[in-house]
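The values are calculated or read from the model by the stated rules, or taken from the named source; none is laboratory data. Quantities reported herein were computed from a predicted structural model and do not represent experimental measurements. Virtual Cβ from ideal backbone geometry, glycine too; neighbours counted across all protein chains shown. The area values use the complete protein model at the heavy-atom level, side chains included, leaving out ligands, DNA and RNA. Shrake-Rupley method; radii C 1.70, N 1.55, O 1.52, S 1.80 Å.
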Amino acid sequence: MVLLRGIGVSGGIAAGRLSFYKRQEGDIPRYTDADSEGQWRRFDEARCEAVRQIQRLAEQMRGMSEAGASGAASEAGSYAGIASAEEAAQILEAQAVMAMDPELAEAVRVRIRQTHDNAEAAVMDAAGEAAARIAALGDDFMTARAADVKDVARRIVAAMGRPETMGRSAPTGRRLQDMQPPEVRISESTAAVPVILAADDLTPGETLHLDRAKILGFVTAGGSAAGHTAILARTMGIPAVIGAGGILEPEYEGQEILMDGDTGEIAVAPDAETRARFFGKADRRRREAESLAALKGKPAVTGGGRSIRLCCNISFPADVPAVIANDAEGIGLFRSECLFLGRTSAPSEEEQFEAYRQVLSAMDGRPVTIRTLDAGSDKQAAYLGLGAEANPALGNRGIRLSLGCPELFRVQLRALARASAYGKLRIMFPMVTSVWEVAEAKKLFGQVLSELRREGTAFAPEIPVGIMVETPAAALISDRLAKETDFFSIGTNDLTQYTLACDRQGRETPADPAVTDNAPVSDKEAQKPAPRPVYDPHHPAVLRLLELTVKNAAAAGIPAGICGELAADREMTEYFLSIGVGELSVPPRDILPLRKKIRNL
Ligand code: PEP
Ligand code: MG
């Protein structure tokens with residue numbers, strides 16, 4: 001037996017035989033052709049065809065997503081499919097834009113005209129170079145974009161078909177391979193049974209095409225926890241371990257593997273003891289999920305009568321069925337920027353209104369906190385024209401960006417105010433550092449409300465306006481900010497980043513560096529706790545700012561909640577209750593475990 005460790009990014013235990021992903025990139029035909037015009041036409045027609053195919057796929061995904069959303073899923077399990085369909089549609093739409101990228105086209109044209117490359121080789125090489133440039137920018141977001149570019153190139157090549165089928169004869173002296181559309185090809189030794197897939201990396205498109213009946217889980221050498229592949233794995237409910245480096249040897253092909261998507265542990269040819277450990281954990285997970293279901297409908301109150309509101313963080317209206325299935329008391333953070341990313345222009349007022357209305361209506365009177373656009377930093381949209389910044393996390397983002405684009409902000413505020421007529425809306429501004437920012441934003445909101453009143457458009461009589469406290473500046477002047485706002489929501493993710501001067505997007509590394517050096521570790525070593533990372537939301541400096549914020553909120557008589565990832569940390573629940581935090585907002589699957597924790601205090 002060999003025990004290895006990568007980074008677990010999608011929970012669950014999987015057991016099966018290992019199969020290396022065969023991408024068949026070496027099968028791209030390569031030859032020179034003096035007919036540059038003909039090769040250019042092949043590329044041009046293929047990219048249009050690829051866009052049509054991608055758009056069709058995106059529409060199918062949207063359809064799946066909508067069907068799921070209106071189907072009022074009652075099981076947490078159905079959430080996975082719905083969320084992945086919506087996110088998949090957005091990823092595909094972004095890929096359709098990339099396929100028509102003028103820079104990619106120019107790079108292909110140069111290869112075809114100057115070196116007389118055939119169209120397949122030209123597009124694969126041009127995309128490979130573009131992807132390398134993007135990946136060199138180094139962060140997780142860019143790694144995911146680089147994978148998208150390569151995926152798009154494969155789709156264009158697949159859309160070219162064979163030269164014969166395009167009315168041309170194959171160049172002599174060359175053996176042309178069948179060009180397959182991108183798909184998962186399971187090695188022949190294990191194709192008949194479900195497998196655990198191993199790959200250098202999987203593009204989002206490849207992940208989307210994984211046949212869930214055949215793929216029990218996957219392990220990739222590269223990847224990033226915040227990349228689309230990891231997100232899709234989580235939403236598809238496929239256990240996944242990334243960042244496994246070079247630890248999976250070719251001779252493991254076909255061997256029995258156990259993997260743990262929570263801890264990142266991988267056991268090759270496990271012994272009886274290891275099997276018992278993994279299977280025992282899988283059993284415990286199953287039993288735990290069953291017992292938690294009994295807590296639905298019960299309040300989050302401690303034995304001593306203290307309570308805390310448990311709400312969900314969401315990205316899309318399609319996430320609402322999971323919120324309801326997990327019996328959350330409301331939505332504490334709707335990251336509205338998800339509606340703005342992966343597209344070529346901002347969503348219109350109508351489109352935004354419809355998304356907000358859907359969420360408010362579905363929540364049926366339960367509170368819904370919608371955060372205004374938090375773009376910038378790692379959440380870039382080309383149409384916002386932000387340009388390159390040396391330190392984007394410290395640059396034009398959140399409320400700064402919205403105040404700098406008053407028309408964009410006004411459209412969002414109008415959509416929000418109109419949607420308020422359909423439920424219990426609270427509006428929240430992100431990345432606040434100064435009182436004047438809140439005053440400016442509230443002034444614009446006041447103007448929007450006057451405008452709607454004049455038009456005779458309905459909106460709720462009371463729309464609480466709050467802020468995210470996620471910068472040290474906001475926490476330190478929270479006494480003053482509390483006088484301007486109706487509530488605080490503490491964003492521990494950014495508060496940690498800015499307090500500790502530590503990039504939250506930093507690439508994660510496996511817990512035990514010895515493992516990445518391709519050194520199998522003993523069972524005991526594999527269980528060693530991870531070294532304490534520098535990015536630490538439990539740092540006393542972060543907790544002091546958090547306490548100060550809650551104290552200042554209480555003094556001003558406004559509620560304070562937490563919507564950063566720390567809210568789901570059950571080791572912290574008792575502390576949060578003791579300092580008077582009124583709300584915790586967490587991913588849907590964390591609601592019932594937190595409720596259990598609170599009821600046991
Ligand atoms: C936070 O910073 O804690 C937060 C909730 O916002 P986001 O993670 O979207 O930046
Ligand atoms: Mg934040």
Exercise. Whose amide H sits under 5 Å from the amide H of Gly12, counting only residues 5 or more places off or on another chain, with H placed in the peptide plane?
Worked result: Gly261, Asp262
Seminar exercise, completed: Total charge of the residues flanking Gly580 in space, meaning their Cβ is under 14 Å from its Cβ, with Lys and Arg +1 and Asp and Glu -1, is 0
Exercise. Using modelled amide H (1.01 Å from N, peptide plane; none on Pro or chain starts), what sits under 5 Å from the amide H of Arg17, excluding residues fewer than 5 places away?
Worked result: Ile196, Ile257
Problem set entry | For segment 297-307, 3J(HN,Hα) per residue [Karplus equation, 6.51 cos²θ - 1.76 cosθ + 1.60, θ = phi - 60°, Hz, x = Gly/Pro] | x, 9, x, 8, 10, 6, x, x, x, 7, 9
For this session: Grab segment 309-599 and count how many Lys pairs have their alpha-carbon atoms under 27 Å apart, sequence gap of 8 or more, or different chains.
Result: 15
For this session: Please list, or write none, the aspartates and glutamates whose alpha carbon is within less than 16 Å of the alpha carbon of Lys281, excluding same-chain residues fewer than 8 places away.
Result: Asp260, Asp262, Glu265, Asp271, Glu273, Glu290, Asp523
For this session: Could you check how much of the accessible area of segment 309-599 is carbon and sulfur, as a whole percent, using a 1.4 Å probe?
Result: 52 percent
Seminar exercise, completed: Between the alpha carbon centres of segment 254-280 and segment 290-333 the gap in Å comes to 33 Å
Exercise. Taking H as built 1.01 Å from N, whose amide H comes closer than 5 Å to the amide H of Thr369, not counting residues under 5 places away?
Worked result: Ile331, Gly332, Leu333, Phe334, Arg426
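Excluding ligands, DNA and RNA, what is the solvent-accessible area per residue of segment 309-599 at a probe of 1.4 Å, expressed in Å²?
On the way: 11830 Å² over 291 residues.
Heavy-atom SASA per residue in segment 309-599 reads 41 Å².
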Exercise. Which ³J(HN,Hα) values in Hz, rounded to whole numbers, follow from the phi angles of segment 555-564 under the Karplus curve 6.51 cos²θ - 1.76 cosθ + 1.60, where θ = phi - 60° and Gly and Pro get x?
Worked result: 4, 8, x, 10, x, 10, x, 10, 10, x
For this session: Please work out the Cα center distance from segment 419-436 to segment 529-601, rounded to the nearest Å.
Result: 21 Å
Problem set entry | HN-Hα J in Hz across segment 96-107 - Karplus 6.51, -1.76, 1.60, θ = phi - 60°, x for Gly and Pro | 4, 5, 4, 4, 9, 4, x, 5, 5, 4, 5, 5
Problem set entry | Solvent-accessible ranking of Thr499, Thr302, largest area first, probe 1.4 Å | Thr499, Thr302
